[in-house]
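What follows is one structure encoded as structure tokens, with my remarks underneath.
The values are calculated or read from the model by the stated rules, or taken from the named source; none is laboratory data. It should be emphasised that the depicted structure is a prediction, and the values quoted were computed from it without experimental measurement. Neighbour counts are summed over all protein chains in view; Cβ atoms, including those assigned to glycine, are modelled from backbone coordinates with ideal geometry.
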């Protein structure tokens, strides 16, 4: 590995990955953890294996920093973990039980509950998309519908990830003797502000068009605003008026 040549390091890591995978083929070590691929920025959930992989890059700023207040880390890395966990309870996972493999394992009524959650998130998500996708797509019901359908699983996972991270923060707070304000913000306000910066981006118009037409993940601004608007707790934390854009009348309350 070289300190000054990022490209050469990437090639060396890919060569090492390929050689190790080939050596391990057919053995108990045949599955190499995704997290070992240190040059890849990302996280994934495998329905067949029912496991989550997080790349090591996500354990560094801006996604995680042990020197920062806990609410910020819950909002960033915690929400990413929660997002991948969210994929384990979406409609695709109804065929993959906890031990991995393939079978229909959901109980009666579970699918109806998931579909209701998806519909709630999709309703809010569709409204946010209209504000953050190219105008020609926002005005075309067919193109907008295709975009919503293509990214529905990711939007639902964002909602579950954000709600799970907030629940984890609240559990952590119960164990603390006291939790101080952060730069004048309450812990939950700081949590939501940190989450709002998670997918900051400044794409070109071409990149925006490509993402809207082909990407599985929603555009960053729509992704953030939709997830926040699905949670009543966000509007409560900032005193948003009921019925406003970030505190709609219909919100997705998880039992």
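A few points about this structure:
- Within the range 45-67, being more than 20 Å from residue 194 (Cα to Cα), crowded, with 16+ Cβ neighbours inside 10 Å and out of contact with any strand residue (DSSP E or B) (no Cβ under 9 Å at 6 or more places or on another chain) holds for one residue alone: 47.
- Matching entry among 82, 99 (being surrounded by 14 or more Cβ atoms within 10 Å (Cβ to Cβ) and in contact (Cβ under 8 Å) with a residue 24 or more places away in the chain): 82
- So residue 171, is it surrounded by fewer than 16 Cβ atoms within 10 Å (Cβ to Cβ), within 27 Å of residue 59 (Cα to Cα) and either at pLDDT 90 or above or out of contact with any helix residue (DSSP H, G or I) (no Cβ under 7 Å at 6 or more places or on another chain) (or both): yes
- Whenever a residue of the range 160-188 is on the phi > 0 side of the Ramachandran plot and without any contact (Cβ under 8 Å) to a residue 60 or more places away in the chain, its partners that are assigned to a helix (DSSP H, G or I) and buried (at least 16 other Cβ atoms within 10 Å of the Cβ), lying with C-beta atoms within less than 9 angstrom and at least six residues away or across chains, give the pairs 183/190.
- Those helices (runs of 4 or more DSSP H) lying entirely in the range 1-87 with at least 1 residues in contact with a helix residue (DSSP H, G or I) (Cβ under 6 Å, 6 or more places away or on another chain) and either at negative phi or at pLDDT 75 or above (or both): 70-73, 79-87
- The residues of the range 128-142 that are part of a helix (DSSP H, G or I), in contact (Cβ under 8 Å) with a residue 40 or more places away in the chain and within 12 Å of residue 213 (Cα to Cα) amount to a single one, 137.
- Only one of 224, 182 that is modelled with pLDDT under 95 and closer than 15 Å to residue 74 by Cα: 182
- Some residue of the range 154-166 being in contact with a strand residue (DSSP E or B) (Cβ under 8 Å, 6 or more places away or on another chain) and surrounded by 14 or more Cβ atoms within 10 Å (Cβ to Cβ): no
- Filtered residues of the range 197-213 (kept if under 20 Å from residue 144 (Cβ atoms) and more than 18 Å from the chain's Cα centre (by Cα)): 203, 205, 206, 207, 208, 209, 210, 213
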